[in-house]
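None of the figures in this text is laboratory data; all of them are computed from the coordinates on show. Everything numeric here is computed off the predicted structure, so don't read it as measured data. Backbone-built Cβ (ideal geometry, glycine too); neighbour counts: all protein chains shown.
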Amino acid sequence: MTIKEITEKMSNEVFKLLDAFTKDDRVAIIDELIHRLQFERRLTLLTPSQLTSMHRVLSPEALKRLDECKTEDEREEYITQYARAHYFRQCAWVDYLNGAIDEPPCS
């Protein structure tokens, strides 16, 4: 099957399903479908390095820095800082995949 044939077949099935709903429900379903398709599109377009960046927990540099901590307090402070940075990186990836920002976050 060609891309056009697949797209047409999928669209026809969606339209048949939508016929059973009220106008407001149809709009809500269409909005959700658009969101999900855009999410999948963004995810599919990520490069291998972007995928790695998105899933990385501790980089080799971070592990080295953690090993260089001399005291438990210094280690705890570094872990806290890294966890905060990781949290905000993950938020940025979620925002990108959900369409809140146009460009993927920096690696």
Taking θ as phi - 60°, what are the ³J(HN,Hα) couplings along segment 3-14 by the Karplus curve (6.51, -1.76, 1.60), each to the nearest whole Hz, with x for Gly and Pro?
4, 4, 5, 4, 4, 5, 5, 5, 4, 4, 5, 4
I need the peptides 1-12, 70-81 ranked by packing, meaning the mean over residues of other C-beta atoms within 10 angstrom, with the highest value on top.
70-81, 1-12
By counting other Cβ atoms within 10 Å of each Cβ, how are TYR96, TYR82 ranked from fewest to most?
TYR82, TYR96
In terms of the charge dipole of the chain, which places +1 on Lys and Arg and -1 on Asp and Glu at the beta carbon, the residue among GLY99, PHE21, THR2 farthest towards the positive end is THR2
Given only helices, namely DSSP H runs of n ≥ 4 each adding -39500 (n - 2.57), what is the per-residue ellipticity at 222 nm of the chain, to the nearest 500 deg cm²/dmol?
-25000 deg cm²/dmol
Using just the Cα positions, wrap segment 47-107 in a convex hull and report its mean projected area in square nanometres, one decimal place.
4.3
What percent of all Cα-Cα pairs in segment 1-45 falls in each 5 Å bin, counting up from 0?
5, 20, 19, 25, 19, 9, 3
So which chymotrypsin sites (Phe, Trp or Tyr not before Pro) in segment 1-75 end up in coil per DSSP with only 15 or fewer other C-beta atoms within 10 Å?
PHE21
Using Cβ counts within 10 Å as a stand-in for footprinting exposure, how do LEU17, LEU97 rank, fewest first?
LEU17, LEU97
Please turn the phi angles of segment 40-53 into ³J(HN,Hα) values with the Karplus equation 6.51 cos²θ - 1.76 cosθ + 1.60 (θ = phi - 60°), one per residue in order, whole Hz, x for glycine and proline.
4, 5, 4, 4, 5, 7, 5, 6, x, 5, 5, 4, 4, 4
Give the Debye-formula value of log10 I(q)/I(0) at each listed q (0.11, 0.24 Å⁻¹), with one equal scatterer per alpha carbon of the chain, two decimals each.
-0.57, -1.21
Per-residue HN-Hα couplings for segment 92-99, Karplus 6.51 cos²θ - 1.76 cosθ + 1.60 at θ = phi - 60°, whole Hz, x for Gly and Pro?
5, 5, 4, 4, 5, 5, 8, x
Length gained, GLN81-ASP31, 0.36 nm per residue minus C-alpha separation, equals 14.2 nm
